[in-house]
Structures are given as C-alpha cells and as structure tokens.
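Undergrad: Next up is a structure, given as structure tokens.
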Amino acid sequence: MSKSKSEDQSEQKPKGAKGENSAIRYSKAQLLGSKQYTSRQRDILIVILSDTESYTHEEAQRALQLFLNKGVR
C-alpha cells in the first residue's frame, strides 16, 4: 500500500519543528545569543550554564528561576 501525501509529509517533519520548541537543545553560546532572554538573564545564564552541556529553552528558564529564587546566604 502506498502512503498518502499528508502521511509522507508528517514523517518528513524535522524533530523539534514548530510546536516542539522545548525538544530542541541549544549550546550555552546559542542560548546567550537568543533574543528571548534579557541582558540580565543572559548574565545569569553565563554563570549557571555549563559550556559543555546543551539545554532546551525550558531547562534554561527553569535554571534561571531556581537561581533567582535562591535565598541569600
């Protein structure tokens, strides 16, 4: 049986395509270059993210929130 055109298109959809933004992983440098973050948030991300790891935007946002909600010692 042959597949319909719409079935073929859905299989060719790249992973992390529109609607799946949280699945796309980015390096620290890519996240820092994103206009999604303010300069203050970028300054914090420089400190809290690892240079060797990759993160989703959701993970970066969570890391920011954890950092900002920490109490002062």
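Let's see how each residue does on (1) surrounded by 14 or more Cβ atoms within 10 Å (Cβ to Cβ); (2) β-branched (Val, Ile, Thr); (3) within 15 Å of the chain's Cα centre (by Cα); (4) assigned to a loop (DSSP other than H, G, I, E, B):
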{"site": "LYS35", "(1), (2), (3), (4)": "no, no, yes, yes"}
{"site": "SER50", "(1), (2), (3), (4)": "no, no, yes, yes"}
{"site": "ALA63", "(1), (2), (3), (4)": "yes, no, yes, no"}
{"site": "VAL72", "(1), (2), (3), (4)": "no, yes, no, yes"}
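Undergrad: Of (1) at pLDDT 50 or above; (2) surrounded by 11 or more Cβ atoms within 10 Å (Cβ to Cβ); (3) of a type in the set (A, V, I, L, M, F, W, C), ALA17 satisfies all except one. Which?
TA: Of (1) at pLDDT 50 or above; (2) surrounded by 11 or more Cβ atoms within 10 Å (Cβ to Cβ); (3) of a type in the set (A, V, I, L, M, F, W, C), only one is false for ALA17: (1).
Undergrad: In addition: Kindly evaluate TYR26 against the criterion of being at pLDDT 55 or above, surrounded by 10 or more Cβ atoms within 10 Å (Cβ to Cβ) and touching a Ser or Thr at 6+ places or on another chain (Cβ under 9 Å). Before the answer, list the steps.
TA: Values: at pLDDT 55 or above: yes; surrounded by 10 or more Cβ atoms within 10 Å (Cβ to Cβ): yes; touching a Ser or Thr at 6+ places or on another chain (Cβ under 9 Å): yes.
Considered against the rule, which asks whether it is at pLDDT 55 or above, surrounded by 10 or more Cβ atoms within 10 Å (Cβ to Cβ) and touching a Ser or Thr at 6+ places or on another chain (Cβ under 9 Å), TYR26 comes out as yes.
Undergrad: Got at least one residue in segment 49-58 being out of contact with any strand residue (DSSP E or B) (no Cβ under 6 Å at 6 or more places or on another chain) and at pLDDT below 80?
TA: no
The values are calculated or read from the model by the stated rules, or taken from the named source; none is laboratory data. Bear in mind the structure is a predicted one, so any value in this text is a computation, not a measurement. No Cβ is skipped: glycine too gets one built from the backbone with ideal geometry, and neighbour counts run over all protein chains shown.
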